[in-house]
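What follows is one structure encoded as structure tokens, with my remarks underneath.
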Amino acid sequence: MLGYNISHMDILLDALRGPWPWYVAGPLIGLTVPLLLILGNKRFGLSSNLRHMCAIAPSKNPFFRYDWRREGGWNLLVFAGIAAGGFLGGVLLADPAPVQVAEPTTAALARAGLDVDGRLAPAELFSWSSLFTLRGFVVMVLGGFLIGFGTRWAGGCTSGHAIMGLSERQWPSLLAVVGFFGGGLLATHLLLPLVLAL
Amino acid sequence: MTSANASTTSEGRSGTAVTGFAARYVLIGMYFGFVLVKAEVLSWYRIQEMFRFHSFHMYGVLGSAILVGLVTVWLIERYQLKAVNGAAITFTPKDRSWARYLLGGSLFGLGWALTGACPGPIAALIGAGLTGFTVVLLAAVAGTWAYGSVRGRLPH
């Protein structure tokens, strides 16, 4: 029951801080697809930005020689907007409560040697100082490298294949999503325990 | 400034049109980034729960997002809705092969589980103050660069 001293503004701010349940967040994420199509006639897909960033640098490789402003200017703006949205949601309107993690996951991570710290991502792996630990370096640098290599080879990531591609009923995107999950299961259950033991 | 104006828009090259063009995409990005944080789908822990089948959250988010995408794309096709600039919205089938999707997809999956992030969430995490993800972003750009260098020798 809400007390009478709680103003509407407090209720609104509390709702904005989250976390939001899947049935609120999921449909809102899905709406990005028609928003981009109707407002810009653009296909949702964020990994292309990694290629555009390569194309900004001078290169002899024809794969990176194209007019990145014309092809990808809009998408780089989306990418920058996402960072701004992250600041808005993660700093200005940050959820003060620690991130809750399912009990069996907490237990499994503890067995692998990692304690849940209530942040969005464990500081033990993703802080600047962890870059100088072996496991932090492997997770950040090898993990990031695989994201960049794999998404371009597959021609898309979670947004381009799993959300946009499946929304368009593209069979290749279903194959890609099968690959995403296969790789993810492999990394979680075989690779990560080895890396966390480093 | 005119370089930011895509050739596909019917807008002129006046300053306000370019600003409007830019603002539209930045705002869509902000909307998406904000939801990513509030859904916690950019959390390394949520991705761990997903790949360990310990929580329904990620499956619910992705499933309902795809459902909304499916329905809205179907509506756009069914009623031949046009973009605001008047252009027809068309969908091009992707190449029918399997190697690039399964192999490339698996490599991305490895990186997704290790970092708990994909390209969109990386940007949102940096904005949310987890600046260590700048390293992940730079490594991802390097990965794309490496792919571009060896792609001629890879099956697609």
Q: Go over the candidates A:L39, A:L35, A:L28 one by one and state the one that is under 20 Å from B:Y59 (Cα atoms) and part of a helix (DSSP H, G or I).
A: A:L28
Q: Go through region A:42-91 and count every residue that is part of a helix (DSSP H, G or I), more than 7 Å from chain B (Cβ to nearest Cβ) and without any contact (Cβ under 8 Å) to a residue 40 or more places away in the chain.
A: 9
Q: Name the residue, out of A:P34, A:P21, that is within 7 Å of another protein chain (Cβ to nearest Cβ), open to solvent by 10 Å² or more (accessible area, probe 1.4 Å) and more than 18 Å from B:A117 (Cα to Cα).
A: A:P34
Q) What are the residues in region B:31-63 that are of a type in the set (S, T, Y) and within 21 Å of B:P119 (Cβ to Cβ), if any? A) B:Y31, B:S43, B:Y45, B:Y59
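The values are calculated or read from the model by the stated rules, or taken from the named source; none is laboratory data. Predicted model, so just to flag it, every value in this text is computed and none were measured. Glycine also receives a Cβ, built like all others from the backbone with ideal geometry; neighbour counts cover every protein chain displayed. All accessible areas refer to the heavy atoms of the entire protein, side chains included, with ligands and DNA or RNA removed. Shrake-Rupley method; radii C 1.70, N 1.55, O 1.52, S 1.80 Å.
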